[in-house]
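Please read the structure below before turning to the comments.
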Amino acid sequence: MKNAAPAIPRPKMAAAMMFFMVSPLERPNTVSGLLAKRAELVKLRADLEAELRAVTCDIDHLDGAIRLFDPAATPAARKRYATKHRAKKGQMQRFVLGALRDATGPLTSRDIAEAWCADRGLQADDGTLVVIRKRVGACLIALRGKGVAQDVERVGEHKGWRLG
């Protein structure tokens with residue numbers, strides 16, 4: 001073994017190993033400094049989250065005031081509607097399947113959206129219909145993927161759908 005590295009004497013190796021294996025008690029300033037910095041950042045994050053909540057609340061109040069003067073001026077109202085009036089899991093699919101079962105001919109996503117709004121007693125303005133029509137369309141596409149519904153010829157500007 002001529003190419004082997006010379007062995008390090010044991011006392012020097014032990015000293016080298018001790019350099020890397022330092023307990024937290026031997027460097028109290030480092031650990032306490034890191035803990036203090038962590039606490040500072042946690043407090044900063046909490047302050048920023050509180051400020052973000054306050055700004056979000058202010059924006060919501062401004063949106064409400066804008067809607068008083070022009071109800072169609074805020075596209076954010078559609079997003080809020082989408083999350084505020086969510087249907088429970090499976091409710092949209094049951095409604096869509098029921099509408100397709102009862103239909104005498106192909107239905108469009110808009111027809112089903114108007115029926116949904118009428119069934120729920122929602123005001124069927126353009127913004128509401130767009131949101132509901134997108135939900136109905138997503139449901140119909142999922143049903144098509146399962147082989148339950150199929151798209152047929154266009155009825156006006158929208159695609160027609162019937163049970164598969």
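What is the sum of charges, Lys and Arg at +1 and Asp and Glu at -1, for the other residues whose Cβ falls under 9 Å from the Cβ of residue 108? It would help to have the intermediate numbers written out before the result.
Working: positive: 110, 133, 154, 159; negative: 111, 157.
Net of charged neighbours comes to +2.
Convex hull over the Cα atoms of the range 76-163, averaged projected area in nm²?
Values: hull surface 22.8 nm².
Seen from a random direction, the Cα hull of the range 76-163 projects 5.7 nm² on average.
Determine the sum of side-chain charges near residue 152: Lys and Arg each +1, Asp and Glu each -1, restricted to other residues whose C-beta is under 12 angstrom from that of residue 152. Let's see the in-between values first.
On the way: positive: 144, 154, 159, 162; negative: 151, 153.
Residues close to residue 152 contribute a combined charge of +2.
Each principal axis of the Cα cloud of the range 22-73 was taken in turn, and the coordinate range along them, longest first, works out to 67, 13, 7 Å.
When peptides 32-40, 138-146 are ranked by their average number of other Cβ atoms within 10 Å per residue, the highest-first order is 138-146, 32-40.
Laboratory data are not the source of any read-out in this text; all were calculated from the coordinates shown. Predicted model only: the values in this text are computed from it and were never measured. Using ideal geometry, Cβ is built from the backbone for each residue, glycine included, and neighbour counts are taken over all protein chains shown.
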